1. Taking neighbour Cβ counts within 10 Å as the exposure measure, how do 165, 56 sort from fewest upward?
2. Where the Cα atoms of the chain are projected onto their three principal axes, how long is each span, largest first, in whole Å?
3. Going out from 0 in 5 Å bins, what whole percent of all Cα-Cα distances in region 59-101 drops into each bin?
4. If you add up the charges near residue 194, with Lys and Arg at +1 and Asp and Glu at -1, over every other residue whose beta carbon is less than 11 angstrom from its beta carbon, what do you get?
5. Just to be sure I understand the model, the point goes 7 Å from the Cα along the line to the Cβ. What's the resulting residue 231 to residue 201 distance in nm?
6. Which of the peptides 145-158, 28-41, 9-22 is most tightly packed, and how do the rest follow, going by the mean number of other Cβ atoms within 10 Å of each residue?
7. What percentages make up the Cα-Cα pair-distance distribution of region 109-253 when the bins are 5 Å wide from 0?
8. Cut-off under 25 Å on the C-alpha distance; same-chain residues fewer than 8 positions from residue 55 excluded. Which lysines are left, in chain and number order?
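Since every read-out is calculated from the coordinates, none of them should be taken as a lab result. Keep in mind it's a predicted model, so treat the numbers as computed, not measured. A quick note on method: Cβ atoms are made from the backbone with ideal geometry, for glycine too, and the neighbour counts reach across all protein chains shown.
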Amino acid sequence: MSVANVAMDTPNFSKIFHQSSKDHAKGHPPTPRRYEDWPEEWRTTYYKAYPRLPKIALEDGPPRADFFDLIKARQSRRDFTRASITKYELSVLLKYSCGTTGKLTSDRFRRAQASGGGRYPIEVYPIVFRSGEDLKAGLYHYNVKEHALDVLWDREFSDEDISQIFTYPWVKDATVGIVMTAVFWRNQNKYGERGYRQILHEAGHIGQNTYLATEALGLKCCALSGTRDENLEKLIDIDGVTESVVYALAVGR
Ligand SMILES: Cc1cc2nc3c(=O)[nH]c(=O)nc-3n(C[C@H](O)[C@H](O)[C@H](O)COP(=O)(O)O)c2cc1C
């Protein structure tokens, strides 16, 4: 089959993913008219928590920046220098890409990104490759509610370790890999198959926020399709089915 024919054929991702999620009602339970009649899990915001692990409190206080200048300046940058980033920089990056921006109830918050049905399926795991002045290398989970890092693994990442989880060789010169996973059930239990779209859309919203926040901080950033998902999932200790890697970005200086 020629390249032209392959391109003309309906791609599998349309057949399998897109068509499956086209029917708005597929796997979508009927929505009761009154909010009070919605199932409890539709009215609940879920947060992944690591209560037994140490936490690092994060900071706030973003730099002033012109929004439109940031959009004009944004680009994917791959010429990282291995220089460290600070805890303040990672704090601002996380807060303004996927953190809380206001309180709705004791357990529900406004957030930096839009979320289909407010289901917030995305969990964020920053992987700091090398220790810097006030930010140690390690595998972290972003604790949205507390604006803190859950310390999953306090360790350095060698170039070889990085090549096991990200495919592009220049990622080893970045400083942090921001890995997004999806907890599929949070959307699927309300929206059925269509929930899959919402999950990927939301990851994109967080990704764009990350680009703009890094630009404001004078850092560099590049989105990464090039992730070795199974290895990342093993590292993060998720099963890859109920929770799986959906997107990642390399961030550095
Ligand atoms: C979903 C997505 C995945 C991407 N994955 C990669 C990647 O794995 N490697 C890479 O070098 N760039 C990746 N990019 C960056 C694109 O190559 C880049 O956005 C595009 O060339 C436009 O350039 P700009 O971002 O500088 O405007 C990705 C971008 C998106 C949106």
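1. Numbers: 165 24, 56 17.
Going from least to most buried by this count: 56, 165.
2. Rounded to whole Å, the extents work out to 58, 53, 39 Å.
3. 5, 17, 19, 28, 25, 6, 1
4. On the way: positive: 22, 26, 190, 197; negative: 23, 193.
Summing Lys and Arg as +1 and Asp and Glu as -1 gives +2.
5. Label-label distance for residue 231 and residue 201, simple model: 3.4 nm.
6. Working: 145-158: 16.2, 28-41: 10.1, 9-22: 12.2.
Put in order of decreasing packing, that is 145-158, 9-22, 28-41.
7. For region 109-253, the pair-distance distribution reads 2, 10, 19, 23, 22, 14, 7, 3, 0, 0.
8. Output for residue 55: 87, 95, 103, 136, 145, 234.
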